[in-house]
Amino acid sequence: MCSLALFPPPPAPGDVTLYECHNALVSGHIYEKLPLAFQDQLADLPVLTIPKETLKAHSRLEHSTKPAFIHHQETLWKRCLNAWRDVGMCGVLNEVANAEEADLQWMKTGSSWALALCHWVSSLHGSLFPHLSLCSEDMIAEFSQAVDWAGCSIRAFAWHPHTSKFAVALLDDSIRVYNTNSATVPILKHRLQRNVASMAWKPLCASILAVACQSCVLVWHLDPTSLSTRPSSGCAQVLAYPGHSPVTSLAWAPSGEMLLSASPVDTAMLVWDVSTENCVPLQWFGGGGVTYLAWSPDGSKVLAATPSAVFRVWEAQMWTCERWPTIKGRCQTGCWSPDGSRLLFTVLGESVIYSLSFSEYSGEMQGQVGGSKTASIVADLSETTFETLYGEARIGGEVHSMVWDPSGERLAALIRGNPETPESRTIVAVFRTRNSPVFELLPCGFLQGEPGAQPQLIAFHPCFKKGALLTVCWSTGRISHIPFFFVSAQVPCFSPSPSPVVALSSSSASVREQPLFSEL
Amino acid sequence: MHSVPRCLILNICYYHSFILYYCTFMNNVFSFILDSFNDWYTSYVIFCILLMSVVILIISIFNVEFYAVVPSIPCSRLALLGKIIHPRQVIHSVVHAIMGMLVAWCAAVMTKGKFQFLALPCTASESLDGAVQHMCLNEYHLFLLLSGAFMGYNYSLLYLVNNMNYLPFPIIQQYKYLRFRRSLPLLVKRSCVESLYLVRNVCVAHYFFGYIPRAWISTTMDLHTDSKLHPLDTLTGLLDLSLLYHTWLCGVFLLITWHVTWLLFKIYATEAHHFPVQPTFAEETDQCLPKILNSNPPLIIKFLALQDLMLLSQYSPIRRQEVFSLSQPGGHPHNWTAISKECLNLLSDLTQKLIMQQEAAATNGRVKQPSTGELGRSLSSSEEMAFQTQRSNVISRAHMPSLVKSSLLPLKALSTSDLGSSFGSPFSSPALNRKAGILDLNSPWHGSVQSPHVMRRGPKLWTSSSGGDLRFQSPLILLFVLEYSTQPSFIYTWLQNKQEQHPEASIQAVFSDAQMHIWALEGLSRLVAASFTEDRFGVVQTTLPVILNTLLTLQEVVDKHFKLPHASSKPPRISGSLMDTSYKTLRFALRASLKTAIYRITTTFGEHLK
């Protein structure tokens, strides 16, 4: 078992982790250049800073035009009708209970009683599943993979699976798409694109981005060859399903034909056929919702975490599931090994990493998930004190999010410090991993950003040639890329080279969609 | 070959036994609700249960007889009308009406009370001789029977109009029980709501026409009308809550049982079937996948085979190995050749069909298409175009303003080569169409800008002015005569109107069997992708150029199709209804899976394709 005590001490204050070479993390001054041999690897990756101050906040908080008009007393029936249309039954009851008309005393008392009953019932429901009493924004903040979703300028981050292109969702509900090959940065805005919790690029496709919003899932069809910086909202498909909001997690099938979406409020997760906008709800009561989805890279299994102390692993052929109760709390995050045979997950309230192995997947075991009986602890991340030259550093705690690089050689875990002790901090710990013949987890080191910056989100580049490339979004709004240079021990997985993809995307598929962006 | 239908029949038998079981169960529930326990064993009820089983059996026979994997989409209203009065459909409707009546009779009998019998002794003792008891017509019973027949007929009509005979294949595989359970709540809800509407319609129909069957029944069966009871074709008679409630309940029962029968049939018929790739015994040769794909079996079996191909290419490495294997004596890749050939045939057939359709659309005057030769040329050069699109993109962009301007200029300024080359650029549709229209119309107005409206009226005005001495009449008469002389007769125009093809429907009709192509695309591309690591003998290598060529050609044509002006580029909103309308959106699924297939092959092979 690996523990934090085996780690090398964190870099000196003021230093920034730059890269990994010869199995050691190198840190130095922020403006330091990479060694010459490696420079061309990262030359065109955009390193950017999006401070919170530059983002335009919402000019108005309410999303209706109501306050702009002079107040006008309508009849009660009209108001009730409006409330019914806007809010539903509760709105009508509220409207009647608060009515100023004097002659409707009995109706007012009746509706206030009914309202009280409603509240009582919902509080009863909420006591079973406490997360249901949260408002949807708090709920997203609670279940998001970003450490400080509500306060930081970057809310979600997603690498394109085949090219060097990523999307960043920002605090002002816009999404920017950065591409290494082009200078245009499309900014996506949509009326329904509010409180983005997660994003995912469609695999085996030029440029389709699914966005988990507060009320729906938006699927943006972007044209990689377009020069437009503001794609119109006509390029977005709206996938909405009653009772399925807020959406906190999305996962594309690695083969690209299905999209899964999950909401902590809905007990069903939805399987979308995006092209036809059909969906199949996969209902499974218990748990009270689905908070986090992770599709294994080989496409055979899906992890679905719930808000209560249970998570499920679905197999993606016949869609049956195995249920895994945890002891302490809900499953916070999880990641799959590249061959889909091992799941690492963490649980809220425990500072350890669990591992769960699955039997080798083959088509003959229809409808079986094939998980082992028990999960084993592979790393202990409880708080550890490091004595350094510059004083002592306390590191350790619960894992907030965890990513595994596509070659299966590096694992990054975002460890949230203990909130009670001020000197413990949020930090990214990197492990060296090996999956076969035996699973091994070895310490590699801690990543440190600029002074005062705390890591928000982490993501591995899906097709970095010389090892692995971790992208870290910091609380200052900075997005930096930290390369790990190593020679993969495994058979090289044939991740696509960017060039044919780009060529194809411009040839057959995407250039044809140009009317969406043209000026006509 | 015989055993494949056999297994289908086995499936269906299995499904019938399930239905029988379930039908008795439903009857139990229903009669439990309606009756007290004491009456359970009466002979009537047992007879009713038997009768209901027969009804369900007949309904499911109709389901089996009428199903289709490719929906038939009427392209015009006249075609729909033709479908309704087709003898096959008439039989369907009549049988369903009778079945509905039987269900209603069972419901009436099991309800007891005032609904049980058609004839009752008269309550009014107006007859002088008390010895002879007159029998009176029980209109409540008649009402239930009629409403049952109405509901049955209505079900049959909706079955036709909503294409309920279409078997949609699910987007994910699931066990039968889970699929059934998933659809059940919606089914019950829809049946309840639909039954409400049906009751309303029955009441309206009965209010206006109820006296006809009543008079007929009472004369043929020599029954009297009970003067004490309200006749049911009056408002007061119809406002009987118990009657309405029982009619509604009867409708719910009817719809739920029939819909469940239908649902179970759908689930059983679309279940994935496992075809062997290589026969283990000599007599199984006819049932193995390559053979079935290459022969012409019933369509459902072909669909199931293609679905199985898609599943095996995705999930089963062992069966993929069989596909890539060589034949034992001789060493020929027969399996792979047969499978790939059939898939490619399917795809090139679709390409042909789309090209034909686009040409038809062009001659309709909707769009101007480049000639086939040009199309072929552009297709052959598609690969080299792949690397230049950025440039061509810029070119077409540069073209755009000039095109818009030139439509305002006299026609002579517009060279035809310009027109041809600019087609296929995304900016073509509105301005170009108008130009094409001007080109086609050889009218004296050429050279000046005309709205399409004026152009259509152009010839009419021309003939009228050449109309000889009419010229000297008053303008009013002239107008009147003009209207009659130039306009065809009313019926003709009406027919024309009805026959005019609805563009959306005709597009749906073109893509109605696209599910096959989607599976062929997925299966083929997955096999090719898997061959990168699993194909030991390199059997796929030889066909790879052909596959890529076919896919890219199809891509080109599909892209062109989606650029036709009347083709919507987004799927329509689907309301949460019970009826499956997935056939309406198949073309979008085809487009998406085509792109994914091309990307799957190119990303797997990557640099090796160069």
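The values are calculated or read from the model by the stated rules, or taken from the named source; none is laboratory data. Computed from a predicted structure; not experimentally measured. Heads up, the Cβs are rebuilt from the backbone with ideal geometry, glycines too, and the neighbour counts pull from every protein chain shown. To get the accessible areas, we keep the full protein, side chains included, count just its heavy atoms, and leave off ligands, DNA and RNA. Shrake-Rupley method; radii C 1.70, N 1.55, O 1.52, S 1.80 Å.
Round to the nearest 0.05 the FRET efficiency obtained for residue B:178 and residue A:377 when R0 = 41 Å and r is the Cβ-Cβ distance. Display every interim value, and only then the final one.
Working: r = 34 Å, r/R0 = 0.83.
Taking R0 as 41 Å, the efficiency between residue B:178 and residue A:377 is 0.75.
Averaged over the residues of A:318-326, the number of partner chain Cβ atoms lying within 10 Å of the residue Cβ comes to 2. Within chain A, what whole-number % of the accessible surface is contributed by carbon and sulfur, with the 1.4 Å probe and all protein chains included in the calculation? Reported share for carbon and sulfur atoms: 57 percent. For segment B:247-252, backbone phi angles converted through the Karplus equation (6.51, -1.76, 1.60; θ = phi - 60°) give residue-by-residue couplings of 5, 4, 4, 4, x, 4 Hz, Gly and Pro being listed as x. Each chain gives up part of its surface: A and B jointly bury about 4800 Å² of accessible area, both sides summed, for a 1.4 Å probe. In this structure, the amide hydrogen of residue A:7, modeled 1.01 Å from its nitrogen in the peptide plane, lies closer than 5 angstrom to no residue at least 5 positions away or on a different chain.
Could you do me a favour and compute the accessible area per residue for segment B:501-543, 1.4 Å probe, result in Å²? Numbers along the way, then the final one.
Details: 1410 Å² over 43 residues.
Dividing the accessible area of segment B:501-543 by its residue count gives 33 Å².
Let a ≥ b ≥ c be the square roots of the eigenvalues of the Cα gyration tensor of segment A:269-346; is it rounded (a/c under 1.5), or, if not, prolate (a/b larger than b/c) or oblate? The shape class here is oblate.
On full extension, the segment bounded by residue B:225 and residue B:359 gains 41.5 nm, given 0.36 nm per residue less the C-alpha separation. Pairs over the 27 Å Cα-Cα cut-off, from the set A:301/A:328; B:266/B:563; B:112/B:176; A:301/B:560: B:266/B:563; B:112/B:176; A:301/B:560.
When the listed pairs A:466/B:595; B:570/B:595; A:33/A:465 are checked against a 18 Å cut-off, the alpha-carbon distance exceeds it for A:466/B:595; A:33/A:465.
Using a 1.4 Å probe, what is the accessible area per residue for segment A:161-227, in Å²?
Working: 1770 Å² over 67 residues.
The answer is 26 Å² per residue.
Among the GluC sites (Glu not before Pro) in segment A:407-436, those located in a DSSP loop and surrounded by at most 12 other Cβ atoms within 10 Å of their own Cβ are A:420, A:423. Relative contact order of chain A, taken over Cα pairs closer than 8 Å and 6 or more residues apart, is 15 percent.
Is the shape of segment A:415-466 rounded, prolate or oblate, going by the alpha carbon gyration tensor and its root eigenvalues a ≥ b ≥ c, with a/c under 1.5 for rounded and a/b larger than b/c for prolate? Note, shape of segment A:415-466 comes out oblate.
In this structure, the amide hydrogen of residue A:157, modeled 1.01 Å from its nitrogen in the peptide plane, lies closer than 5 angstrom to those of A:169, A:199, counting only residues at least 5 positions away or on a different chain. When the other protein chains are added to the chain by itself, burial of at least 50 square angstrom of heavy-atom accessible area (probe 1.4 Å, ligands and nucleic acids ignored) affects these residues of segment A:269-288: A:275, A:276, A:277, A:278, A:280.
Placing dummy labels 7 Å off each Cα toward the beta-carbon, the span from residue A:107 to residue B:318 is 7.0 nm. Here each label is just a point 7 Å from Cα along the line to Cβ, and for residue B:46 and residue B:241 those points are 3.8 nm apart. Relative contact order, whole percent, for segment A:199-270 stands at 29, derived from Cα pairs under 8 Å and 6 or more residues apart. A simple spin-label model places pseudo-atoms 7 Å from Cα toward Cβ; at residue B:189 and residue B:549 they are separated by 5.3 nm. Couplings 3J(HN,Hα) of segment A:466-474, computed from phi: 8, x, 9, 9, 9, 9, 10, 9, 9 Hz, in residue order, whole Hz [Karplus 6.51 cos²θ - 1.76 cosθ + 1.60, θ = phi - 60°; x for Gly and Pro]. Counted residue by residue at 0.36 nm each, then reduced by the alpha carbon distance between them, the extension gain from residue A:117 to residue A:176 reaches 16.7 nm.
Helix check for chain A. Which DSSP H runs span at least 20 Å along their own axis by Cα, with a mean Kyte-Doolittle hydropathy no less than 0.0? Intermediate values should be presented prior to the final figure.
On the way: long enough: A:105-128 (35 Å, 0.22).
Span-like helices in chain A: A:105-128.
At a threshold of 50 Å², the residues of segment B:590-606 that become less accessible to a 1.4 Å probe in the full protein assembly than in their chain on its own are B:595, B:596, B:599, B:603. A helix-only calculation puts chain A at -4000 deg cm²/dmol for mean residue ellipticity at 222 nm, using -39500 (n - 2.57) for each DSSP H run of at least four residues, averaged over all residues. Residues of segment B:500-538 with the amide nitrogen closer than 11 Å to a label point 7 Å from the Cα of residue B:337, along Cα-to-Cβ, please. The answer is none. Here the Karplus relation 6.51 cos²θ - 1.76 cosθ + 1.60, evaluated at θ = phi - 60°, turns the backbone of segment B:188-204 into coupling constants of 5, 4, 5, 5, 4, 5, 4, 4, 4, 4, 4, 4, 4, 5, 4, 4, 4 Hz, with x for every Gly and Pro. Restricting the trypsin sites (Lys or Arg not before Pro) of segment A:344-419 to loop positions (DSSP other than H, G, I, E, B) with no more than 15 neighbouring Cβ atoms within 10 Å leaves A:373.
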